[in-house]
Structures are given as C-alpha cells and as structure tokens.
C-alpha cells in the first residue's frame with residue numbers, strides 16, 4: 001500500500017534534511033526503505049541497534065552513500081548537535097532522512113538549533129483518504145474497530161489485531177518511555193492510560209484522574225506529556241484567540257490508535273474523526289505552509305461542539321460527530337447562527353448529504369475520504 005507522503009519526502013530531500021516522525025509501528029521503517037529504493041546507494045542505520053550505533057557515532061557510512069537514513073537518532077545524547085555537524089559538512093550529493101517514534105520537538109533537551117536545515121513530515125495511521133482505491137475503501141467500521149496502524153488493520157482476524165494492540169501498548173509503556181524518563185510508579189502510568197481510554201471525547205481533568213489514582217495532578221500532567229511525546233495520545237484544546245488561555249483549559253485527549261478507545265460507537269467514531277482531521281491539518285501545515293490548528297468549542301454555559309478547524313487564528317469550520325442522528329445538533333445550530341460559522345454535522349450512518357437549517361449534514365465516509373491526507 002503506497003503511502004501518500006512518498007512524493008513529498010523525495011522532493012524535500014533534494015533541498016534539506018527530512019525529519020519523519022510518527023507513532024511506533026505506523027510504517028516509518030517501511031516508508032524509509034521504500035524511499036531508499038529510489039536511490040542507487042542508500043544506508044539505513046538504527047540507533048537502537050548496537051552495531052549501527054557504532055557506525056553512527058563514528059560516522060562510518062560509505063562515502064558514496066546517496067541517502068542516509070538515521071532511525072531513532074533522537075535517543076542519542078545531544079543528537080541535534082550531531083545532526084547539525086553532519087548536515088553542515090556533508091557532501092552535496094548526500095541526502096539525509098531522520099526518522100523516529102517520538103515527537104522530537106517535545107522530547108528534545110538540547111539547546112542546539114536545527115532551524116532552516118530540515119523539513120518536517122509526520123506519518124500518522126492510515127485514514128479513509130489513503131485507503132481510497134484499496135480493498136478497504138470506505139470500510140469505516142473496520143478502521144474504527146481496528147485503528148489505522150497497518151498491522152492490526154490488515155490482520156487476518158480481530159483476535160490477531162487485539163494481540164498486536166496489547167503487545168504494542170505494553171512495549172510502549174515498559175520500554176519506550178523509559179528511554180526518556182524514569183517512572184517511579186509504573187502502575188499509576190498504566191492506570192492513567194486506562195482512564196484516558198474510557199474518557200475519550202470528554203474534557204479531561206488531571207485533578208480528577210489524580211484523585212482516582214491517588215497521586216498528584218502534576219504527576220498526571222507529566223504522564224500525559226510523555227504519552228503525547230511518544231505519539232500514543234494527542235490533545236485537542238478549547239479554542240481561544242489567546243493560545244496561552246487555550247493551553248490552560250481542560251483538553252480532550254484522543255488516541256492515534258482508535259482501536260484503543262474503550263467506549264461506545266460514538267466515542268470511537270469521534271476518535272477516528274479526530275485522527276483524520278489532525279492528519280489533514282498537519283498535512284496542510286507541513287506541505288502547503290498553511291497555519292491550521294484543531295480545537296473544540298465550549299462556552300461557560302456548557303455549550304460545546306466536537307471540533308473547530310482554525311486557520312490563521314480564525315475558525316473556518318465547526319464539526320459535530322454523530323453515529324446516526326439526522327437532526328441538527330442544537331449546539332451546532334447555536335454556534336452557526338450566533339457567530340455565522342460554517343457548521344458540519346458528520347454522520348456515520350447517513351445515506352445522502354443535505355442541508356438542515358444552518359448545518360451541513362455530511363456522510364462521514366465521503367467527508368473523511370475527501371480530506372487532504
């Protein structure tokens with residue numbers, strides 16, 4: 001299955017380094033090797049591998065290498081300084097692709113700047129847009145239940161997919177997180193993940209989770225930052241023109257793997273929509289140079305819409321997710337009328353698109369399949 005971003009990456013490699021980040025097992029290694037096949041001489045080195053690590057540290061790749069792929073290099077002490085030195089002294093013929101299973105912008109502690117030396121690419125799970133024209137075209141139920149990670153999505157059975165997911169989360173929590181920070185209370189971290197799985201779609205209170213677990217809100221906030229840094233979850237904050245106010249308010253937290261959601265079909269569908277919208281927004285930011293953000297709307301009186309698509313600090317569209325409700329959501333109607341906003345009610349089980357007052361009633365499969373990425 002060809003990933004959409006291959007052509008973008010190949011083009012950017014001719015100009016700068018490319019940073020390819022995304023969740024573990026989302027397909028970065030496969031994509032890196034696919035990109036490497038376009039070059040006569042490519043070298044793939046993984047910092048987790050002892051022999052590869054020695055080659056990286058000693059800079060012993062072959063001099064005629066056309067593409068150098070450095071995987072998990074962010075685990076190297078002072079990795080930014082290392083990359084800066086490599087890039088600034090490389091021969092003109094060498095292209096460099098850096099990949100990793102962590103958000104390097106969140107987990108970096110180095111003061112060295114790589115500004116102007118790289119293009120950022122973020123690889124997220126497969127969504128309905130990328131599945132067009134394949135045997136999974138339009139299969140929203142399967143993507144919702146199994147998530148968009150290639151292995152569980154393409155597994156022969158639901159049991160096989162469930163086994164993958166159990167091992168995936170266990171490996172992420174037990175090994176990947178420990179690469180960055182020592183966790184004193186591992187059980188509290190596991191319970192935090194379990195609680196988040198049950199509260200997808202609702203504003204998340206660190207104080208509430210802390211009371212449930214018996215720890216401090218500061219500890220819970222630290223855990224969520226780590227989980228976000230390792231691409232297990234992402235936050236959607238309420239919209240304010242003042243971004244600092246938005247960050248201080250309670251976020252909604254979603255999983256990159258929709259299959260991790262523990263809840264009814266509504267919660268799983270909303271998570272699937274969140275991943276798809278985030279992927280679309282990040283694609284527009286990375287490849288079109290536009291400034292999009294994903295938020296939700298909530299008033300002091302409790303009126304709320306699931307998502308607000310924001311471009312250049314202005315709300316472009318609000319979206320409410322429903323499994324089968326053909327009546328326009330009253331909060332969606334309220335925001336559309338009061339603020340003259342483009343309002344979409346995204347309905348999983350809807351036969352035909354239509355207008356209902358100020359709200360556009362849209363079939364979810366069609367809408368999500370037409371996103372940018």
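Read-outs throughout are calculated quantities, based only on the coordinates presented, and are distinct from any laboratory measurement. In this text the structure is predicted, and so the values were computed from the model without any measurement.
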Task: Cα pair distances exceeding 22 angstrom across the stretch 264-343, given as percent - done: 27 percent
Task: Estimated [θ] at 222 nm from DSSP helical runs (n ≥ 4, -39500 (n - 2.57)) normalised by residues in the chain, nearest 500 - done: -11500 deg cm²/dmol
Task: Per-selection metrics, the stretch 39-134 (Cα): Rg and Dmax in Å - done: 15.0, 45
TODO: Wrap a convex hull around the Cα atoms of the stretch 89-239, take a quarter of its surface area, and give that in square nanometres.
DONE: 13.3 nm²
Task: Bridge type composition, the chain - antiparallel percent by DSSP, nearest 5 - done: 40 percent
- [ ] Kindly identify the chain as rounded, prolate or oblate by the Cα gyration tensor criterion: order the square roots of the eigenvalues as a ≥ b ≥ c, call it rounded if a/c is under 1.5, otherwise compare a/b with b/c, prolate if a/b is larger, else oblate.
- [x] prolate
Open item on the list: Can you tell me the length gained on complete extension of the stretch residue 151 to residue 120, counting 0.36 nm per residue apart and subtracting the Cα distance?
Closed with: 8.7 nm
TODO: Pull out the extension gain between residue 49 and residue 218, defined as 0.36 nm times the separation in residues minus the alpha carbon to alpha carbon distance; nm, one decimal.
DONE: 57.4 nm
Task: Relative contact order (%) - criterion: Cα under 8 Å, at least six apart; region: the chain - done: 14 percent
